[in-house]
Structure formats: structure tokens, C-alpha cells
Amino acid sequence: QVQLVESGGGLVQTGGSLRLSCAASGFSNYHMGWFRRAPGKEREFVAAISWTDGTTFYADSVKGRFTISRDNARNTVYLQINSLKPEDTAVYYCAARTGLYFSRTMSYDYWGQGTQVTVSS
């Protein structure tokens, strides 16, 4: 059974940090991405990482503050979020894509349920 489970969200003050985790099960050799949906807004791309060589992509709005990484032995991908801002408040979703094709705009095959990140000002 394919499953993605996010964790690590919570309430944090402006300037704080969080590390989100996404545990994958039921499949292997997949690219991973993080997305977020803020209240009243469309879902947006945040970051992605390749399973083949660790290549990463980031949205311009998070470059320098967010870091995506993965531990293939644990089938887990992480999103380190630093210098949080109120506009980072959103539900964060991880997603997976199988196969070799990897790009910033690639579609994804599987999605997690999301974890809430709330940044207080």
C-alpha cells in the first residue's frame, strides 16, 4: 500500500524554525516534493528533490530559508524551514513521483494528507 505521512508541523513564532518529515512506504525510487496551501490560496510548489542524484529545486519565495533533504535508508524526506514568516502559514504536503523524469514542474503520483504550519507574528 502506497502511503505518505507528514509530520512536524505546529505553531511557531516569526523567525522560528521547524523540520517537517514525510515518511514513504509501499514504493521505492521516487522523486519527492513539498507543496503548501495557504488559507484562501491555491496550492503552490515549495521544493523538490531527485532520488537519483539529489538535485533540488526551490520556489523563489523560500530559497535560502528552506532546505529539502532525504534519507533513502529511512524512506523519508525532510523540509527544514528557517526564519519563518507569517506568510509561510499553510498546510504543507509532500508528494512523490516514480520513474526517472525529474523537473521543477513535474506531476506527482502520490500525495500525503498534509501537516499544518502556523506562524504567529
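Computed over the range 37-82, the alpha-carbon pair-distance distribution with 5 angstrom bins reads 5, 20, 26, 22, 17, 7, 3, 0, each value a whole percent. Ligands, DNA and RNA are left out, and with a 1.4 angstrom probe the accessible area of the range 23-121 is 50 Å² per residue. Applying the criteria of a DSSP loop state and at most 11 other Cβ atoms within 10 Å to the chymotrypsin sites (Phe, Trp or Tyr not before Pro) of the range 1-43 yields no site. Under 15 Å from a label point set 7 Å out along the Cα-to-Cβ vector of residue 53, the amide N atoms of the range 85-119 belong to 100-104. Rolling a 1.4 angstrom probe over the chain with all protein chains present gives an accessible area of which 45% lies on carbon and sulfur atoms.
Three principal axis extents describe the C-alpha atoms of the range 25-121; from largest down they are 40, 25, 24 Å. Can you pull the Rg over Rh of the range 1-61, Cα-only, Kirkwood? Expressed as Rg/Rh, it is 0.99. At an R0 of 22 angstrom, the distance between the Cβ atoms of residue 105 and residue 29 translates into a FRET efficiency of 0.60.
The values are calculated or read from the model by the stated rules, or taken from the named source; none is laboratory data. In this text the structure is predicted, and so the values were computed from the model without any measurement. Every residue, glycine among them, receives a Cβ derived from its backbone with ideal geometry; neighbour counts consider all protein chains shown. Heads up: the accessible areas ignore ligands, DNA and RNA and are worked out on the full protein's heavy atoms, side chains in. Shrake-Rupley method; radii C 1.70, N 1.55, O 1.52, S 1.80 Å.
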